[in-house]
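Reading through the structure tokens given below for one structure.
The values are calculated or read from the model by the stated rules, or taken from the named source; none is laboratory data. Treat the numbers as computed from the prediction; the structure is a model and nothing was measured. Don't worry about glycine lacking a Cβ; one is built from the backbone with ideal geometry, like all the others, and counts go over all protein chains shown.
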Number of protein chains: 4
Amino acid sequence: MVEPAGIGRDQLRSIVERIEKLEEERAAIAGDIKEVYAEAKANGFDTKTLRQVVRLRKQDSAERQEQEALLDLYLHALGMIPDENR
Amino acid sequence: MVEPAGIGRDQLRSIVERIEKLEEERAAIAGDIKEVYAEAKANGFDTKTLRQVVRLRKQDSAERQEQEALLDLYLHALGMIPDENR
Amino acid sequence: MVEPAGIGRDQLRSIVERIEKLEEERAAIAGDIKEVYAEAKANGFDTKTLRQVVRLRKQDSAERQEQEALLDLYLHALGMIPDENR
Amino acid sequence: MVEPAGIGRDQLRSIVERIEKLEEERAAIAGDIKEVYAEAKANGFDTKTLRQVVRLRKQDSAERQEQEALLDLYLHALGMIPDENR
DNA sequence: TCGCCTGATAGTTGCC
DNA sequence: GGCAACTATCAGGCGA
């Protein structure tokens, strides 16, 4: 049964407000992250690479290797071996 | 010149750690939001509708601002600058 | 199971080529759009404003559709299904 | 001088319509691309890897190696050498 | 629960 | 060369 019209009104308002509050907080943190990247950039770091590093640290190494292996497979099938020293 | 290997080491570590800390916080908040939706659902609300309501409320204010921006642009294009602080 | 090395070779090549062909076409159209803006600019129009107009026209129809969708959702949530083809 | 209000009216309409027409075409092609990926997926290919392949083919290899070198530098500074056989 | 799809986020490109 | 718009990728939510 869905919440009847009259009854849930205050509850609905409360829910929406809580969500909006949390979304604001989340946006604020996103802003902080952006700032850190900006500061890093100002100190001579390459943000693109930084993001890559952060992503790699998050990713499980097993999964990472698997993905690399698959890519190799495809590139090989296309005759595009990216680096023969690999 | 990009940050040389030896120099930025500690700085690099600090940057990465700050970002990871912030991303954790952001993820925690995302979890809270999820909980609110789950709770709402348990109370009989339709989450899809709730999400759309939240989205529309966000859009409304964004849209309003954009309309204002457009007006400004037109006024500018016509040489009728409405606000000298622009 | 992912596509084994030998089997999908020609198929893989075909897929990649089709995608690349389509991406070229898309890029060509993007170029045409750019040209139109450039021409408009040469005729004294403000491109930023033009872009905003185009964007808003798109948004308007999207918004209208979303509002309709929201109405549907509410009617559904209240057990008043407006359209059995849904 | 910006285009005066009355004069450019038809021209403005024409511009906007041409742009919208082109954007539709572009969207149609984007849809085609999506279809190709979907079809590939249905045939057992991994779309994420496919996208990577397409991207790599577009990217100049010199640039690619440069980016890899930079990443290595950062990972090294963090003590995270991703693959010692490299 | 899994796969799909939409919405959020990150990256690229073009303009100023 | 920095910033803003646009595009592509990714992740989370929804429906089967």
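Please go through region C:41-72 and pick out each residue that is small (Gly, Ala, Ser) and closer than 30 Å to residue B:49 by Cβ. Passing the criteria: C:61, C:62, C:69.
Within region C:33-52, the residues that satisfy the criterion of being among the β-branched types (Val, Ile, Thr) and more than 9 Å from chain D (Cβ to nearest Cβ) are C:47, C:49. Annotation: residue C:9 fulfils all but one of (1) within 15 Å of DNA strand F (Cβ to nearest atom); (2) touching a helix residue (DSSP H, G or I) at 6+ places or on another chain (Cβ under 6 Å); the unmet one is (1). Of all residues in region B:33-45, those being more than 14 Å from DNA strand E (Cβ to nearest atom) and surrounded by fewer than 18 Cβ atoms within 10 Å (Cβ to Cβ) number 5.
Selection of first residues in region B:13-27 that are closer than 14 Å to residue D:74 by Cβ and of second residues that are away from DNA strand E (no atom under 13 Å from the Cβ) and at pLDDT 95 or above, restricted to Cβ pairs under 8 Å at least 6 apart or on distinct chains, gives an empty result. Kindly provide the set of residues from region C:51-69 that are in contact with a helix residue (DSSP H, G or I) (Cβ under 9 Å, 6 or more places away or on another chain) and within 11 Å of DNA strand E (Cβ to nearest atom), ordered by number. Correct list: C:51, C:66, C:69. Scanning region A:21-33 for residues that are under 10 Å from residue B:22 (Cβ atoms) and of a type in the set (D, E, K, R) turns up just one, A:32. Can you name every residue in region B:30-57 that is in contact with a Lys or Arg (Cβ under 8 Å, 6 or more places away or on another chain), within 19 Å of residue A:9 (Cβ to Cβ) and near DNA strand F (Cβ under 8 Å from one of its atoms)? If the condition is that a residue be in contact with a Lys or Arg (Cβ under 8 Å, 6 or more places away or on another chain), within 19 Å of residue A:9 (Cβ to Cβ) and near DNA strand F (Cβ under 8 Å from one of its atoms), then B:37, B:47 are the ones that fit.
Here's the yes/no breakdown for (1) under 16 Å from the mean Cα position of the chain (by Cα); (2) surrounded by 14 or more Cβ atoms within 10 Å (Cβ to Cβ); (3) of a type outside the set (Val, Ile, Thr); (4) within 12 Å of chain A (Cβ to nearest Cβ):
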| residue | (1), (2), (3), (4) |
| --- | --- |
| B:31 | no, no, yes, yes |
| B:61 | yes, no, yes, yes |
| B:64 | no, no, yes, no |
| B:67 | no, no, yes, no |
| B:77 | no, yes, yes, no |
